[in-house]
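What follows is one structure encoded as structure tokens, with my remarks underneath.
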Amino acid sequence: MSISQALSASIESAFNYYLSLDPDTYDQLTDLEGSIISINIVGFNQQLFLFPGHDGVMVLSEFDGEADAIISGSPAALAKLGITDDPSSLLFS
């Protein structure tokens, strides 16, 4: 297992644990099932791909297809998205 794969697995585990804290989240993820979200981590030349589904989110470090949505930012900016009450206010700043 490469470092990227190990990092992806760790992020997936933490992400799904966080999502499990609110059981209603899984119903909302069902609406996104089949979508692919790319997260570009600026400054690290790293990209993660999220595959939401009814049972959580799968995170991969490699994907040959095209993402339906792309979120780019520095690690600090991406972390702010997770802790702010209004993440949409940060998206285009």
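Here are some notes:
- Scanning segment 11-36 for residues that are open to solvent by 70 Å² or more (accessible area, probe 1.4 Å), within 19 Å of G82 (Cα to Cα) and either in a helix (DSSP H, G or I) or in contact with a Cys (Cβ under 6 Å, 6 or more places away or on another chain) (or both) yields S13, F15, Y17, Y18, D24, Q28.
- Some residue of segment 37-55 being modelled with pLDDT of 90 or more and open to solvent by 90 Å² or more (accessible area, probe 1.4 Å): no
- From L90, L60, residue being surrounded by 13 or more Cβ atoms within 10 Å (Cβ to Cβ) and modelled with pLDDT under 90: L90
The values are calculated or read from the model by the stated rules, or taken from the named source; none is laboratory data. Quantities reported herein were computed from a predicted structural model and do not represent experimental measurements. Ideal geometry is used to build each Cβ from the backbone, glycine not excepted, and the neighbour counts take in all protein chains shown. Please note that ligands, DNA and RNA were not included when accessible areas were found on the heavy atoms of the full protein model with its side chains. Shrake-Rupley method; radii C 1.70, N 1.55, O 1.52, S 1.80 Å.
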